[in-house]
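Worksheet for the structure shown next.
The values are calculated or read from the model by the stated rules, or taken from the named source; none is laboratory data. Everything numeric here is computed off the predicted structure, so don't read it as measured data. No Cβ is skipped: glycine too gets one built from the backbone with ideal geometry, and neighbour counts run over all protein chains shown.
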Amino acid sequence: MEQKLFRAAIAATLLGASISSLPHNAAAQEQEATELAPVLVTDGLTPVEEEKSGRAFTVLTGQELEQKQVRYVADALRQVPGFAVSRTGSYGGNTLVRVRGNESNQLLVMIDGVEANEPSSGEFDFGGLLVSDIDRIEILRGPQSAFWGANASAGVVNIITKRGERNGWSTKTRVETGTDGTVLGAAALSGGKENFDAALSAAFRRNKGFNVSDYGDEKDGDRNTTLTGKFNADISENLALDGTLRFVDRKSDVDPQDFVWGSPTYGQVIDGDDYTATREFYGSLGGTLVSLDGALTHKARFTGSDTHRDNFDTGVLYFDDSNRYNGTYQASYQFDTPGALNAHHQITGGYEWQRETYAPSHISETFERDTNSIVGEYRGDFLDQFFLNAAIRQDFNDAFADATTYSISGAWKIPDTETRLHASVGTGVTAPTFYEQFGYLPSTFTGNPDLKPEKSFGWDIGIEHGFFDRALVVDVTYFNQNLTDEITTVYGGPPNYASRPVNLDGESRRQGVEIAMTLNLTNGFSASGTYTYTDATQQDASGGERVQELRRPKHSGSVSAAYTFYEDRARVFAEAVFNGKMTDNSFTTGAPTPVTLDAYTVVTVGGSYKFNDRFEAFGRIENVLDEDYEEVFGYNTPGRTAFFGLKGTF
């Protein structure tokens, strides 16, 4: 296995590749320094200023995450409209994210341009994603398959790690400890010269945890080591190269469910020595060539990933290896048409190749599948107030049906007002996962090679308005999306209730409202709030009445406030995350039975103090009210926990 991982690492380093940012030659760097409008990189094949995007999006900066002392990306996403987070027990436990009532494998996660969803399950486990090296998280909601392919039918989370600042070097360190036995250490070295920059970072976090089961007193902890590297280099005035490497090694204690027929705790989570150990490797290398005085841009990208997962389950070790290799090429041409519309246009065309492999321990066979895709995009600006984006994509799949997807979005920045209208419409496709096609445990879960890809159609419309010279900004969005051929799991009878995936007849429906608010006052006070109403239902497996989708609350939201004072050296903050009632499955009677999980509110307070330009102390208390709640039926969640730490810059 080690040799295979090493070969995957070499292949990903040499072949793998993606550009996580634009080229940065000296001229571009000078232009970026004076650019006022932020850029939303994920909106389509090419970058766009945020005010020109017609899609529902949220941007979380690394500075915001650091000020709020967020340690896991999943916890940051709890405060994003439309997002529902479910963690199985303790920190590091399997953590899945659902957007607008859709499934977790319909949310695409990109890390520095590399797709991070596991080919085996199609999902991304946020349980091991630390925040320490992140510079920016860009989040798009709604179907994005026309740009990103499968796994993007509900949205995209694009994570960009920190890069070095040119013409100098700096080192940053952080240490932290907590009452749950947490120990955290992180260090980063970054910098560069006139024509290149680089960044290296390492983070280690361990916690002893708590007992995720209601039975016994065993503590379930987690260990996580994350290493990252990144470089950008200007080969010439018009040619730039960049690359990234990321390695994650983690082990999380888990407790099993008792499925011994006749046991008094049947279907319950009980103490055990189970664990999940995962090694993840991501690599990328890419280049950008600009010609025709900046009018024509070529981009070539190659990426690679390797994931090895060990599951020690009730005395038996299961494992699987999955790999993904991806290569893309695209060319963009931009031009103006002066006149009545005073328009700026950009046309992009591209090709993408992808290979995925899956090798489970219980089947002496390696499965693989290839996808070839062509994609085209148009972007137009009219009269400096109307902004249009449209794309179409054709996927050619060798393992299941081909797919065509499209996307159209638009925004209108109404002149002489602080009002912006935005809307988008598009289609999505989600391929069956390797688990669903070929199974995982033959005795309890068998695959279905005849599954069809899931198909979805969705649209949203919203209005953003600024009050008091944009000191207060409010955005309200209505969304509506349906899903056909949804893949679900059906169960057999006792004693083991063996299951298999099938395509549902009928239509699964999602609709709702997202509200986001930010407030920034000149006296150092800032606040934000979100609210989401989600109605997500599916046809039941028998084709009868509609049922509520699991682990998707109808009502959710968050509020946060912060105050900076004492010449910006001191800061205090408080935040609360609300999760309404939601449905989950209980297996205590054998077959899955719907149960209701109670609503909960988790409050966090904290603060920091800068001694000088080099040293800062910080601390926080999570779950101040010691709320007792469940995100997954049968699994306990963290109680009140306090943390304290120091960080330095040199």
If you scan segment 395-428, which residues turn out to be in contact with an Asp or Glu (Cβ under 7 Å, 6 or more places away or on another chain), within 27 Å of Trp353 (Cβ to Cβ) and at pLDDT 95 or above?
Asp395, Phe396
Flagged in segment 127-155 as hydrophobic (A, V, I, L, M, F, W, C) and under 29 Å from Ala423 (Cβ atoms), in numbering order, are Ile137, Ile139, Leu140, Ala146, Phe147, Trp148, Ala150, Ala152, Ala154
Among residues belonging to segment 391-406 that are of a type in the set (Gly, Ala, Ser) and surrounded by 18 or more Cβ atoms within 10 Å (Cβ to Cβ), point out the one that is farthest from Gly426 (Cα to Cα).
Ala403
How many residues, within segment 365-414, are over 25 Å from the mean Cα position of the chain (by Cα), part of a strand (DSSP E or B) and touching a residue at least 40 places away in the same chain (Cβ under 8 Å)?
7
Go over the candidates Ser263, Ser284 one by one and state the one that is of a type in the set (Ser, Thr, Tyr) and closer than 30 Å to Phe633 by Cβ.
Ser263
Filter segment 131-141 down to residues that are under 17 Å from Lys52 (Cα atoms) and crowded, with 24+ Cβ neighbours inside 10 Å and give me whichever is nearest to the chain's Cα centre (by Cα).
Ile139
What are the pairs, 6+ residues apart or on separate chains, where a residue within segment 248-268 that is on the phi > 0 side of the Ramachandran plot has its Cβ under 8 Å from a residue that is buried (at least 19 other Cβ atoms within 10 Å of the Cβ) and outside any loop (DSSP other than H, G, I, E, B)?
Gly267/Gln257
Taking segment 517-534, which residues are touching a strand residue (DSSP E or B) at 6+ places or on another chain (Cβ under 8 Å) and either on the phi > 0 side of the Ramachandran plot or in contact (Cβ under 8 Å) with a residue 40 or more places away in the chain (or both)?
Met517, Thr518, Leu519, Asn520, Gly524, Ser528, Thr530, Tyr531, Thr532, Thr534
Quick check: is even one residue across segment 458-474 in contact (Cβ under 8 Å) with a residue 60 or more places away in the chain and among the β-branched types (Val, Ile, Thr)?
no
For segment 58-118, which strands (runs of 3 or more DSSP E) that fit wholly inside it have 2 or more residues that are without any contact (Cβ under 8 Å) to a residue 60 or more places away in the chain and of a type outside the set (D, E, K, R)?
95-99, 107-111
Test of understanding: among Glu377, Glu356, Glu418, Glu352, which residue is charged (D, E, K, R) and surrounded by fewer than 19 Cβ atoms within 10 Å (Cβ to Cβ)?
Glu418
Out of the residues in segment 131-169 that are touching a residue at least 40 places away in the same chain (Cβ under 8 Å) and acidic (Asp, Glu), which is nearest to Leu60 (Cα to Cα)?
Glu138
Could you check how many residues of segment 590-636 are buried (at least 18 other Cβ atoms within 10 Å of the Cβ), of a type in the set (Phe, Trp, Tyr) and in a loop (DSSP other than H, G, I, E, B)?
2
Condition first: in a loop (DSSP other than H, G, I, E, B) and of a type in the set (Val, Ile, Thr). Can you find one or more residues in segment 298-317 that meet it?
yes
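Each row is one residue, and each column tells you yes or no for (1) surrounded by fewer than 21 Cβ atoms within 10 Å (Cβ to Cβ); (2) out of contact with any Leu (no Cβ under 9 Å at 6 or more places or on another chain); (3) outside any strand (DSSP E or B).
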residue: Trp169; (1), (2), (3): yes, no, no
residue: Gly191; (1), (2), (3): yes, yes, no
residue: Asp214; (1), (2), (3): yes, yes, yes
residue: Asp217; (1), (2), (3): yes, yes, yes
residue: Thr226; (1), (2), (3): no, no, no
residue: Ser252; (1), (2), (3): no, yes, no
Of everything in segment 448-473, what is more than 21 Å from the chain's Cα centre (by Cα), within 25 Å of Thr530 (Cα to Cα) and of a type outside the set (Phe, Trp, Tyr)? Give them in sequence order.
Ile461, Gly462, Ile463, Glu464, His465, Gly466, Asp469, Arg470, Ala471, Leu472, Val473
Do we find a residue being touching a residue at least 24 places away in the same chain (Cβ under 8 Å), farther than 27 Å from Thr303 by Cα and not in a loop (DSSP other than H, G, I, E, B) anywhere in segment 237-247?
no
Which numbered condition trips up Ser18, out of (1) outside any loop (DSSP other than H, G, I, E, B); (2) modelled with pLDDT under 85; (3) under 22 Å from Ser132 (Cβ atoms)?
(1)
Counting only residues that are touching a Phe, Trp or Tyr at 6+ places or on another chain (Cβ under 9 Å) and either over 21 Å from Gln539 (Cβ atoms) or at pLDDT 90 or above (or both), how many does segment 487-503 have?
6
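Residue-by-condition table, conditions (1) at pLDDT 95 or above; (2) of a type in the set (Phe, Trp, Tyr); (3) farther than 30 Å from Gly294 by Cβ; (4) out of contact with any Asp or Glu (no Cβ under 6 Å at 6 or more places or on another chain):
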residue	(1), (2), (3), (4)
Phe196	yes, yes, no, yes
Lys219	no, no, yes, yes
Thr228	yes, no, yes, no
Leu239	yes, no, no, yes
Gln257	no, no, yes, yes
For Val269, which of the numbered conditions (1) modelled with pLDDT of 95 or more; (2) in contact with a Pro (Cβ under 9 Å, 6 or more places away or on another chain) fails to hold?
(1)
Any hit, segment 439-447, residues being buried (at least 16 other Cβ atoms within 10 Å of the Cβ), within 24 Å of the chain's Cα centre (by Cα) and of a type outside the set (Val, Ile, Thr):
no
Taking segment 421-443 and keeping residues out of contact with any helix residue (DSSP H, G or I) (no Cβ under 9 Å at 6 or more places or on another chain), assigned to a strand (DSSP E or B) and of a type outside the set (Gly, Ala, Ser) leaves Leu421, His422, Val425
Going through segment 499-525 in order, the residues found to be among the hydrophobic types (A, V, I, L, M, F, W, C) and surrounded by 15 or more Cβ atoms within 10 Å (Cβ to Cβ) are Val502, Leu504, Val513, Ile515, Ala516, Met517, Leu519
